[in-house]
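First the structure, in the form of structure tokens, and then the observations on it.
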Amino acid sequence: MSLKLKTLLARFPRVELIGFQTPIQYLPNLSQRLGIELYVKRDDLTGIAIGGNKVRKLEYLLGDALSKGYDTVITTGAVHSNHAFVTALAAKKLGLNALLVLRGKKDAPVKGNYLLDKLMGIEVILVDAKSTYPVMEEVAEELKAKGKKAYIIPVGGASPVGTLGYVRAAAEIWEQETALGVEFDYVVHAAGSGGTFAGLTLGFNLMDSKTEVIGIDVGGLLKGLPEKVFNLIGETAGLIGCVHNLTENHIAAHLFEYGFGEYGRITKEVIETIRLVGAEEGIILDPIYTAKAFYGLMDLTRNGKIAPGSKVLFVHTGGMPGIFQYDEKVREFI
Ligand code: 5PA
């Protein structure tokens, strides 16, 4: 089944940035504590820069950019964006120029990913406005006038081409399940721009798998996430040339909100979750995405949505620099 999916994906240009299957590890201490069979997929170890889920999307996005002769990549996100930093570094590695248009105040402290951006000499334009897209378009036009060709990647790489990365990840998980001799009831992950959610959901659907993909909304990064994810699934299926039988209601029923008030807000529960997972299993989560997602997983287990004994795969999507971007906030709870 995964072979069929891989064959469908084979015609899309992809650059090899990872080069291996990320490990799936069993988490014995947290399994016992939660009364489920808990595994983690280490997509925080995707082999370039700070790793994380974006690398899978970038294999296709940068493959697309290179095959069409682009020489520059422009993308966006918040000043703490994991996606933006990884995109810029991966682009550089492939010999492309990179430029980031980040949402933040001009005097934003140089920490976390923003420090990494600066350290690597990545060109950053800070924009103190809700939407950074007009600035990205402007910069692309300016570059065009200078004879350059700029490829614009949306927030989180959440385009149909980027989503192919997580369709492929679903096939990878399926192969690993077969090797491990388990079938996951649930795959749980942090949902922000929705590309990971769309890709995994479509991938498992195309493999006729019973595995349910659960997204944890980490505080409404995007409004109307179920609709956006559903549209992205439709566009990605269209790109691949296949049909799915998913509905927007299915997406909404598999999306749970654990934002603790708003995107980016760090609370005591978030910090306690980082501490718990670190102390029990030696795995570090981040305060913006993965700790909220893991808190959601624990709560869904407590309230019975995830039944006792279920086989659950948590996808660790990376993001560790968030701890250092928000060190002051983190210190409040130590
Ligand atoms: C992000 C997103 P999706 O965007 O695919 O839904 O993934 C959510 C997510 N985990 C999960 C981590 C560590 C993430 O960084 N990050 C964004 C970024 O700019 O970094 C897109 C918001």
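In summary, Thr196 fulfils each of the numbered conditions (1) in contact with a Phe, Trp or Tyr (Cβ under 8 Å, 6 or more places away or on another chain); (2) without any contact (Cβ under 8 Å) to a residue 12 or more places away in the chain with the single exception of condition (2).
Among the strands (runs of 3 or more DSSP E) confined to the range 120-215, the ones with at least 3 residues that are not assigned by the TED database to the domain that holds Thr76 are located at 186-191. Just one of the listed residues (Tyr326, Tyr263) is away from the ligand (no atom under 12 Å from the Cβ) and over 26 Å from Gly35 (Cβ atoms), namely Tyr326. The residues of the range 90-118 that are farther than 21 Å from Tyr133 by Cα and open to solvent by 20 Å² or more (accessible area, probe 1.4 Å), listed by number, are Lys92, Lys93, Leu94, Gly95, Pro109, Val110, Lys111, Leu115, Leu116, Lys118. Consider the range 37-70 and keep the residues that are under 18 Å from Ala190 (Cα atoms) and β-branched (Val, Ile, Thr). The one that is most open to solvent (accessible area, probe 1.4 Å) is Ile50. With respect to Thr317, determine if the residue is within 16 Å of the ligand (Cβ to nearest atom) and either open to solvent by 10 Å² or more (accessible area, probe 1.4 Å) or at pLDDT below 95 (or both). Yes; evaluated as a whole, the condition is true for this residue. Give the residue that is nearest to Leu202 (Cα to Cα), with candidates limited to residues of the range 155-164 that are near the ligand (Cβ under 9 Å from one of its atoms) and open to solvent by less than 20 Å² (accessible area, probe 1.4 Å). Ranking the candidates gives Thr163 first.
The requirement of being part of a loop (DSSP other than H, G, I, E, B) and surrounded by 15 or more Cβ atoms within 10 Å (Cβ to Cβ) is satisfied by Gly259. Gly52 meets the conditions (1) more than 16 Å from the ligand (Cβ to nearest atom); (2) on the phi > 0 side of the Ramachandran plot in every case but one. The failed one is (1). Within the range 128-148, residues that are under 26 Å from Leu222 (Cβ atoms) reach partners that are of a type outside the set (A, V, I, L, M, F, W, C) and open to solvent by 100 Å² or more (accessible area, probe 1.4 Å) with beta carbons closer than 8 Å, at six or more positions or on different chains, in the pairs Asp128/Lys105; Asp128/Lys106. Scanning the range 233-251 turns up no residue that is of a type in the set (Ser, Thr, Tyr) and within 20 Å of Arg33 (Cβ to Cβ).
At least 1 residues being more than 14 Å from the chain's Cα centre (by Cα) and more than 30 Å from Asp299 (Cα to Cα) is the threshold, and among the strands (runs of 3 or more DSSP E) wholly inside the range 1-100 those reaching it are 72-78.
One line per residue, one yes/no per condition, for (1) within 13 Å of the ligand (Cβ to nearest atom); (2) surrounded by fewer than 23 Cβ atoms within 10 Å (Cβ to Cβ):
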{"position": "Met136", "(1), (2)": "no, yes"}
{"position": "Ala145", "(1), (2)": "no, yes"}
{"position": "Lys148", "(1), (2)": "no, yes"}
{"position": "Glu175", "(1), (2)": "no, yes"}
{"position": "Val187", "(1), (2)": "no, no"}
{"position": "Ser193", "(1), (2)": "yes, no"}
{"position": "Gly215", "(1), (2)": "yes, no"}
{"position": "Asn231", "(1), (2)": "no, yes"}
{"position": "Thr236", "(1), (2)": "yes, no"}
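Among the candidates Tyr263, Tyr326, Tyr289, the residue that is of a type in the set (Phe, Trp, Tyr), more than 24 Å from Leu206 (Cβ to Cβ) and over 16 Å from the mean Cα position of the chain (by Cα) is uniquely Tyr326.
The values are calculated or read from the model by the stated rules, or taken from the named source; none is laboratory data. Note that the structure is a prediction, hence the values are computed from the model and not measured. Backbone-built Cβ (ideal geometry, glycine too); neighbour counts: all protein chains shown. Heads up: the accessible areas ignore ligands, DNA and RNA and are worked out on the full protein's heavy atoms, side chains in. Shrake-Rupley method; radii C 1.70, N 1.55, O 1.52, S 1.80 Å.
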